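Trainee: One structure, pasted below without further comment.
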Amino acid sequence: MKVKQSIPKELRYSVRDFNNEFPNDDSCLEYIKEQRWPNGVTHCRKCNEQRKHYRVGNRTAYACDHCGNHIYPLAGTIFEKSSTSLKTWFYAMYLMGSTRCGISAKQIQRETGVTYKTAWRIFKQVRSLLSDGDLQLEGPTVEIDETYVGGRRKGKHGRPMRGDKVKTPVIAIVQRKGKVIAKAIPDTTGASILPLIRDHVVPGSVIYTDEFAPYQAIPQLKTSDGGALNFRHKTISHSDGVYVRGDIHTNSVEGFWMLVKTGIRGVYHSVSTKFLQTYLDEYCFRFNRRHNGNLQFRSILERASRKAS
């Protein structure tokens, strides 16, 4: 019996496809060059005009066909001055884009033979590309929820008190059937939460939250010049054991938190406050492109080239 594939054919990209497209470092270098300078044509500083450039031997340089001036496709990218094989970099990005809950540096160490330090640095560099920056959710309905990431507080349950040093508060804003933004914040006061809502949610949106006190000020939010944002705020009382009331719920954002917490607990085991935001960016990046199948790998490669350009 032939099992039906859950991923549409046009969105499939297997390890076999990866190895066929990128069999060695030369093919990876050629791909980066084409992303930055299609057909090798770019501005030559010495000739001061557009020129065709060709590969220089086994080096990672391309030379102008007129004056011989060199350009370097890896300059300004996360690959610059790295002694690690380009194919290893690409394979790590492929795995990062093919999993739902993340992949650990130890797994890359086992699969590629690099040291743990090298594998960790690869992922650190790749995560630095994955932030969606000042993404604004298009609405018209969004859900907001906060959670806490970090170690266990022995004998204590519920929300940490202000000044807690064990757990780090994070907040997520999810557009229903759309994208997500997640940010690590210093505390869960209105001063930390409300500006994020004002910056990332379209005016006039319907906002669903739980009964947490700082959210009660959402209807009064205004723009920086004093204009009304016209948010409509609806709450669900989790403390009363109610989680769904008609279309009022926060199940979408809680589903996202499940992915994040499952990944951190099962794959990474622990994440420091210093690097937590980059891990959140990674999960947001995958969630926002969840309909792309295994082609998320392409999106990561485009980020690497675009940052250099």
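Trainee: Within the bounds of the stretch 39-46, is there any residue that is outside any strand (DSSP E or B), hydrophobic (A, V, I, L, M, F, W, C) and open to solvent by less than 50 Å² (accessible area, probe 1.4 Å)?
Mentor: No.
Trainee: Any idea which residue in the stretch 55-86 is nearest to Glu30 (Cα to Cα), counting only those that are part of a strand (DSSP E or B) and open to solvent by less than 40 Å² (accessible area, probe 1.4 Å)?
Mentor: The residue in question is Tyr62.
Trainee: Inside the stretch 87-105, can you point out the residues that are among the polar types (S, T, N, Q), in a loop (DSSP other than H, G, I, E, B) and at pLDDT below 90?
Mentor: Within the stretch 87-105, Thr99 is the sole residue that qualifies.
Trainee: Please work out which residue is surrounded by the fewest Cβ atoms within 10 Å (Cβ to Cβ), limiting yourself to the stretch 108-155 and to residues that are β-branched (Val, Ile, Thr) and part of a loop (DSSP other than H, G, I, E, B).
Mentor: Thr115
Trainee: Among the residues in the stretch 278-300, are any open to solvent by less than 20 Å² (accessible area, probe 1.4 Å), of a type in the set (Val, Ile, Thr), under 16 Å from the mean Cα position of the chain (by Cα) and modelled with pLDDT of 90 or more?
Mentor: Checking the stretch 278-300: at least one residue is open to solvent by less than 20 Å² (accessible area, probe 1.4 Å), of a type in the set (Val, Ile, Thr), under 16 Å from the mean Cα position of the chain (by Cα) and modelled with pLDDT of 90 or more.
Trainee: Given the condition surrounded by 12 or more Cβ atoms within 10 Å (Cβ to Cβ) and within 20 Å of Ala184 (Cα to Cα), answer yes or no: does some residue in the stretch 218-240 qualify?
Mentor: yes
Trainee: Pairs needed: first member in the stretch 119-136, closer than 14 Å to Ser299 by Cα; second member anywhere, among the small types (Gly, Ala, Ser); C-beta distance under 7 Å; at least 6 residues apart or different chains.
Mentor: Hits for this filter: Val126/Ala92; Leu129/Ala304.
The values are calculated or read from the model by the stated rules, or taken from the named source; none is laboratory data. Remember, it's a predicted structure, so these values are computed and weren't measured experimentally. So basically every Cβ, Gly included, is an ideal-geometry build from the backbone, and we count neighbours across all protein chains shown. To get the accessible areas, we keep the full protein, side chains included, count just its heavy atoms, and leave off ligands, DNA and RNA. Shrake-Rupley method; radii C 1.70, N 1.55, O 1.52, S 1.80 Å.
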